[in-house]
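What follows is a single structure, written as structure tokens, with notes after it.
Every number in this text was worked out from the coordinates using simple rules, so none of it is lab data. This is a predicted model, so every value here is computed, not measured. Here the Cβ positions follow ideal geometry from the backbone for every residue, glycine too, while neighbour counts run over all protein chains shown.
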């Protein structure tokens, strides 16, 4: 029987010093072969990088019986941990969360509570991405994780004197996101669509029997992103609850990578993929 245990160097590995924030270093699983790619995977609400990482790599098994670390031997897996802060949705409990939510049933309730956490978490994830692109090409990095609160929302566009003539909904949405995340200002009129995330393929998966987050929120997110022209692969699993599906969803994730970036010869060969977003709800 195949040994599905984690490698001996599966331990917290310092990507950067987080002592000033009180945040633990990301939990890192080094590749089993030459390092060619990196996957940065974010845990769900109340979880942690190490706990999620160990469980995910031990349980995310494809129909062939192979785990992701075996299927992707050149992949380094990075599992960051969210800041610990008070959760409005859980009666002010102190938990790890990427941003604050007022309600799981209505993720758009009190969106003002989400802004600070989103900005801080985005800066933290970008710092990890910045370190990884010094090691592997940016097109060889995957960003993904679990989501606790996706919803279909109307795009709130903004327009000031500088971009009054810009009617491109996608660029307006990018500008809004950058504004919410307090990123450096960029004039949308000078921003080319091919220089944005438009070319980043996205996989969204959700269980129809999810008892915590209604699958309609994931479906709505997929429709909203697709309406902006992004490459979206949406899959709803009829019998799945609030977790990733084994082996069906794991097969679909691997198939998603294969479909968009054919592997050289087999699952064990080095492969080339563009920066991707995998979200399994």
Practice problem: Measure out, as a whole number of angstrom, how far apart the alpha-carbon centroids of region 84-117 and region 56-72 sit. | Solution: 32 Å
Self-check item: Distance between region 208-234 and region 246-261 - C-alpha centres, whole angstrom
Solution: 17 Å
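Neighbouring Cβ atoms within 10 Å as the yardstick, rank 135, 128, 142, 253 fewest first.
Starting with the residue having the fewest Cβ neighbours, the order is 135, 128, 142, 253.
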Quiz item: Once a ≥ b ≥ c are taken as the square roots of the eigenvalues of the Cα gyration tensor of region 52-144, is the result rounded (a/c under 1.5), prolate (a/b larger than b/c) or oblate (a/b not larger than b/c)?
Solution: oblate
